[in-house]
Amino acid sequence: MQTIQSLDPLRSAVEALRADGELALVPTMGALHEGHLTLVREAKARAAHVAVSIFVNPRQFGANEDLDAYPRQLERDSALLEAEGVSLVWAPSVEVMYPQGYATNISVSGVSDGLCGASRPGHFDGVATVVCKLFNQVRPDLAFFGEKDWQQLAVIRRMARDLDLVRPYADRIFGVATVREADGLAMSSRNAYLSPEERARAAALPKAMREAIARIESGGEVAMTLGHLALELLDAGFASVDYAELRDAASLEPLSALGAGPARLLVAARIGPARLIDNMAVGGGADRQ
């Protein structure tokens, strides 16, 4: 496995890998867990070679967010990736990704509105910009992202379509189902911020979401059900609920009632020092994950 931190060697390395078959990219910010490794395994099943990027992107963190505290564990992460048979780790510095004089920003409207786009202003501009750069740097045939960040996945696909990207094409950007702990909590690098007591209370999030989905699918009124979900989380020890919304699974348009097509319940809530996000399918033969 090669670990590369500057652009010229990266370009040579990816060209050599691509000559031997299709190349998949799994973008990450490091602090890898089983969810990331599941993405790697999905990528390996579809491509001859897998590249993983590890870059904590300052442009997607707000002024009062956890950029400085975000775990950086390149040595540990590299060992995990080598054990999975990854061909290349792309681990650029901030100076390589955003050299002096850097002045370009990508903004994707529509799917970035509301949800995390409202509670984290500028976040999805940072996501779209860095992912576009990663795609241009690695030029993968396929790319893999976790469905836990459902809005992020929608933003990235929209960006790829609108900018006519060909490496990868938008329809070769794959979402992989959320990997969960035994108690249902979605795996996240930020779970490590939680104390044992906070971690135990965090299990209320997926439980309350599944109960809300059952009510909605049984004909329950959506606004009342979502309000009840938020109260359940506050009663369980969450400090606040940023949002709890039902949205169209594809367009992310807000829904006041469940229609014929697939929908998604999306929630963001804060407990202790962590802001946890999750989403689950609703209706349309939904997979409960």
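The values are calculated or read from the model by the stated rules, or taken from the named source; none is laboratory data. Predicted, not measured: the structure shown is a model, and the values here were computed from it. As a convention, Cβ positions derive from the backbone with ideal geometry for all residues, glycine included, and neighbour counts pool all protein chains shown.
Taking each residue of the stretch 99-111 that is surrounded by 11 or more Cβ atoms within 10 Å (Cβ to Cβ) and looking for partners that are part of a loop (DSSP other than H, G, I, E, B) with beta-carbon atoms closer than 6 Å, six or more apart or interchain, yields Val111/Leu252.
State all residues of the stretch 112-127 that are crowded, with 18+ Cβ neighbours inside 10 Å and assigned to a loop (DSSP other than H, G, I, E, B); if no residue qualifies, say none.
Pass one, the stretch 112-127, residues crowded, with 18+ Cβ neighbours inside 10 Å: 112, 115-117, 120, 123-127.
Those that are crowded, with 18+ Cβ neighbours inside 10 Å and assigned to a loop (DSSP other than H, G, I, E, B): Ser112, Leu115, Arg120.
With the structure loaded, tell me whether Ala79 is in a helix (DSSP H, G or I) and in contact with a Phe, Trp or Tyr (Cβ under 9 Å, 6 or more places away or on another chain) or whether it fails that test. When the stated conditions are applied, Ala79 does not pass them. Contact annotation: residue pairs with Cβ atoms under 7 Å, 6 or more positions apart or on different chains, pairing a residue in the stretch 204-224 that is within 19 Å of Leu234 (Cα to Cα) and touching a residue at least 60 places away in the same chain (Cβ under 8 Å) with a partner that is acidic (Asp, Glu) and surrounded by 14 or more Cβ atoms within 10 Å (Cβ to Cβ), are Leu205/Asp278; Pro206/Asp278; Met209/Asp278.
Results for (1) more than 26 Å from Ser112 (Cα to Cα); (2) touching a Gly at 6+ places or on another chain (Cβ under 9 Å); (3) of a type in the set (A, V, I, L, M); (4) surrounded by 21 or more Cβ atoms within 10 Å (Cβ to Cβ), shown as yes or no for each residue.
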residue	(1), (2), (3), (4)
Ala182	yes, no, yes, no
Met187	no, yes, yes, no
Ala192	yes, no, yes, no
Arg201	yes, yes, no, no
Arg215	yes, no, no, no
Ser218	yes, no, no, no
Arg247	no, yes, no, yes
Ser256	no, no, no, no
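Here Lys148 passes the criteria (1) assigned to a helix (DSSP H, G or I); (2) among the basic types (Lys, Arg); (3) in contact with a Ser or Thr (Cβ under 6 Å, 6 or more places away or on another chain) except the one numbered (1). Within the stretch 37-59, the residues that satisfy the criterion of being in a helix (DSSP H, G or I), touching a residue at least 12 places away in the same chain (Cβ under 8 Å), closer than 20 Å to Leu80 by Cβ and not charged (D, E, K, R) are Leu37, Thr38, Leu39, Val40, Ala43.
Would you kindly identify the helices (runs of 4 or more DSSP H) lying entirely within the stretch 158-243 that contain at least 3 residues that are over 17 Å from Pro273 (Cα atoms) and at pLDDT 95 or above? Full working, then the answer.
Working: elements: 196-202, 204-217, 222-236.
It comes to 204-217, 222-236.
Figure legend. Inter-residue proximity from the stretch 166-184: first residues under 18 Å from Arg41 (Cβ atoms), second residues basic (Lys, Arg) and outside any loop (DSSP other than H, G, I, E, B), beta-carbon distance below 7 Å, spacing 6+ or different chains. Indicated pairs: Ile173/Arg157. Out of curiosity, is Leu231 farther than 23 Å from Asp113 by Cα and of a type in the set (A, V, I, L, M, F, W, C)? So Leu231 passes the test.
When the stretch 57-91 is filtered for residues that are buried (at least 16 other Cβ atoms within 10 Å of the Cβ), touching a strand residue (DSSP E or B) at 6+ places or on another chain (Cβ under 8 Å) and farther than 22 Å from Asp20 by Cα, the ones remaining, listed by number, are Asp77, Ser78, Ala91.
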